[in-house]
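The values are calculated or read from the model by the stated rules, or taken from the named source; none is laboratory data. Not measured: the values here are computed from a predicted model. As a convention, Cβ positions derive from the backbone with ideal geometry for all residues, glycine included, and neighbour counts pool all protein chains shown. Surface areas here come from the heavy atoms of the whole protein model, side chains and all, with no ligands, DNA or RNA. Shrake-Rupley method; radii C 1.70, N 1.55, O 1.52, S 1.80 Å.
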Amino acid sequence: MKFSFKNDYSEGCHPNILQALSQYNLVQQAGYGEDEYSLKAKALIKEKINNPDSEVFLVSGGTQANLIVISAILKPYQCVISAAPGHILNNETGAIEATGHKVLSIETADGKLKPSDIIPILEGHRNVPHQVMPKLVYISNSTELGTIYQAKELEELSAFCKENKLYLFMDGARLGHGLTAEISDLTLEKVAALTDVFYLGGTKNGALIGEAIVINNPVLQEDFAFNIKQKGALLAKGRLLGIQFLELMKDNLYFELAQHANQQAMKIKKALQQKGAAFLSDTYTNQIFPILNNQLIEILSENFEFYVWKKVDENFSAIRLITSWSTDDEAVNRFIEIIEQN
């Protein structure tokens with residue numbers, strides 16, 4: 001049986017979550033997120049970000065979170081700015097555009113946005129009222145290329161957005177991995193202080209399903225729950241999400257799982273570096289993009305599943321490898337062994 005490095009959600013969930021779901025299965029609770037587990041999970045998240053005034057909303061998935069947040073924030077004539085690799089541009093079937101909001105893309109080498117990238121967009125949309133109005137900046141941490149924002153980068157971007165009356169929204173599908181990367185100086189508390197909205201991704205970090213949307217800007221909190229209900233995201237059995245996030249937030253399990261995934265990816269990265277491999281981007285998270293010769297890729301594909309990401313030339317291609325909270329040493333060591341033998 002092949003081991004999959006295609007994504008970080010091929011497995012079910014962490015055993016602690018499965019045990020908790022079973023343990024509380026027959027305990028009756030209020031519906032629609034008013035159960036004691038959801039309320040405790042939300043309170044714990046507020047405690048960890050050190051902002052009791054933030055509001056937390058639990059939904060089932062990342063595309064759903066992006067769709068609801070962006071469509072709720074923007075007025076009909078406003079649009080969102082994203083780096084070209086952004087998930088809302090490439091992996092959500094035009095979900096944002098389907099709500100009537102244009103996505104303006106910016107080409108960047110590392111999948112991140114900085115103020116100088118956004119300035120031309122703003123300057124190119126001054127023909128009022130004949131063009132859409134840029135209003136929201138969408139970023140990911142870690143990005144779709146596995147890169148991360150450092151504290152100074154996010155501080156500068158946040159200040160720029162405030163100065164230009166733009167909302168800043170961080171896609172946190174892999175936020176745990178971004179914050180626990182060995183080179184990261186960013187904290188969860190600082191993310192909350194510098195963004196209008198972000199979310200903690202559970203689906204890609206040990207949960208069965210679930211993302212925790214955190215709205216820090218009080219202006220955007222009002223009536224947000226109506227958008228969740230209208231978009232079909234308000235679960236009657238909200239306990240399913242609450243129990244999971246309560247387990248993930250307890251004892252820092254969420255960050256331990258992400259750190260483990262990062263460490264497993266770094267073992268593979270270092271082994272590839274020792275063999276002289278180049279990479280599409282220099283990453284320290286659970287996503288790596290090594291450039292390998294096609295013959296080695298074919299050999300690896302006999303034992304492992306992964307995406308061939310980009311053709312570099314006739315003989316070399318970049319592949320994407322993603323490790324998860326459950327990636328064990330056996331799989332990693334086998335992958336390294338094949339590399340070393342070839």
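Key figures
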read-out	value
Fraction of the pair-distance distribution of region 129-217 above 21 Å, Cα-Cα pairs, percent	30 percent
FRET efficiency, ASN303 to SER281 (Cβ-Cβ, R0 25 Å, nearest 0.05)	0.50
Charge dipole (the chain, unit charges on Cβ, about Cα centre) - positive-most of TYR254, LEU44, LEU179	LEU44
The chain - charge dipole about Cα centre, Lys and Arg +1 at Cβ, Asp and Glu -1, debye rounded to 20	540 debye
Cα gyration tensor, region 180-241 - rounded (a/c under 1.5), prolate or oblate	oblate
Sites ARG334 and GLU189 - FRET efficiency at Förster radius 41 Å, r taken between beta-carbons, to 0.05	0.60
Set of region 201-245 residues, backbone N closer than 17 Å to the point 7 Å along the Cα-Cβ line of THR93	231-233
In region 25-59, GluC sites (Glu not before Pro) in a DSSP loop with at most 16 other beta-carbon atoms within 10 Å	GLU34
Candidate lysines for bridging to LYS42, where Cα separation is under 27 Å - those fewer than 8 sequence places away on the same chain excluded	LYS162, LYS190, LYS204, LYS229, LYS231, LYS237, LYS250
Within region 1-103: Cβ-based charge dipole about Cα centre, in debye rounded to nearest 20 (Lys, Arg +1; Asp, Glu -1)	260 debye
Over region 18-92, equivalent-ellipsoid semi-axes from the Cα gyration tensor in Å	31, 16, 13
Two-site FRET efficiency, LYS237 against ALA84, from Cβ-Cβ distance with R₀ of 30 Å, rounded to 0.05	0.20
Proximal lysines to LYS310, defined as alpha-carbon separation beneath 17 angstrom and excluding residues fewer than eight positions away on the same chain	LYS6
Eligible aspartates and glutamates near LYS165 by straight Cα distance, threshold 17 Å, same-chain separation 8 or greater	ASP117, GLU123, GLU155, GLU156, ASP196
Net charge dipole size for region 191-323 [Lys, Arg +1 and Asp, Glu -1 on Cβ; Debye, nearest 20]	160 debye
Leading residue at positive end of dipole, the chain (Cβ point charges), from ASN16, ALA207, HIS130	HIS130
Neighbour-limited loop hits for trypsin sites (Lys or Arg not before Pro), region 1-77 (at most 15 other Cβ within 10 Å; DSSP other than H, G, I, E, B)	LYS2, LYS6
ALA151 versus GLN263: modelled label distance in nm, points set 7 Å from Cα along the beta carbon direction	2.4 nm
Choice from ARG320, ARG126, ARG174 showing the highest fluctuation, given a GNM over the chain with Cα pairs closer than 10 Å	ARG126
Mean separation of Cα contacts under 8 Å (6+ apart) over length of region 154-303, as relative contact order %	21 percent
Choice from LEU26, LEU136, LEU179 with maximal GNM fluctuation in the chain (Cα, 10 Å cutoff)	LEU26
Tail beyond 32 Å, pair distance distribution of the chain (Cα, percent)	32 percent
Lys/Arg +1, Asp/Glu -1 at C-beta; region 220-342 dipole; positive extreme among ASN293, GLY232, ASN342	GLY232
Extension reserve of the GLN131-LYS114 stretch, reckoned as 0.36 nm per residue once the Cα distance is removed	3.8 nm
Percent antiparallel among DSSP beta bridges (both partners in the chain, rounded to 5)	55 percent
Of all accessible heavy-atom area on region 201-288, the percent that carbon and sulfur account for (1.4 Å)	52 percent
Region 211-269: trypsin sites (Lys or Arg not before Pro) in DSSP loop, at most 15 other beta carbons within 10 Å	LYS231, LYS237
